[in-house]
1. Give me, ordered by chain and number, the residues 5 or more places off Ala2 or on other chains with an amide H under 5 Å from its own placed amide H.
2. Per-residue HN-Hα couplings for the range 13-27, Karplus 6.51 cos²θ - 1.76 cosθ + 1.60 at θ = phi - 60°, whole Hz, x for Gly and Pro?
3. Using the Karplus curve 6.51 cos²θ - 1.76 cosθ + 1.60 with θ = phi - 60°, what ³J(HN,Hα) values do you get for each residue of the range 2-8, in whole Hz, with x for Gly and Pro?
4. Calculate one ³J(HN,Hα) per residue across the range 55-67 by plugging θ = phi - 60° into the Karplus curve 6.51 cos²θ - 1.76 cosθ + 1.60, and present them in order as whole Hz with x for glycine and proline.
5. Computed on alpha carbon atoms, what radius of gyration and Dmax characterise the range 1-48, expressed in Å?
Amino acid sequence: MALAFKIVSDSHGDLTYLRLYRGTLKSGTRVLNPNRQTKENITRIFEMHADDRISLDQVSAGSIVAVVGLRKP
């Protein structure tokens, strides 16, 4: 379970910032958007440090990351 709290336009696409509360999240995963009742793809996951991005394959509960692949609300 995760909460999206910020969306930023970027050269990589729209970055959606998430806080993961439970479980794990892997790149390439389809997730449910409960607001739209649709499934959306998470193509890439980044750990953000100011202007630096570290690409991750998987994150676990407690992580705050930026993902590419979700649609804007």
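No value in this document is a laboratory result; all are computed from the given coordinates. Since this is a predicted model, take the numbers as computed values, not measurements.
1. Tyr21
2. Using θ = phi - 60°, the values come out as x, 6, 8, 10, 7, 10, 10, 8, 9, 8, x, 10, 9, 10, 4 Hz.
3. Each residue of the range 2-8 in turn: 9, 10, 7, 10, 7, 10, 10 Hz.
4. Those phi angles translate into 6, 10, 8, 8, 9, 10, 3, x, 7, 10, 9, 10, 10 Hz.
5. Just the Cα atoms of the range 1-48 yield Rg and Dmax of 10.8, 29 Å.
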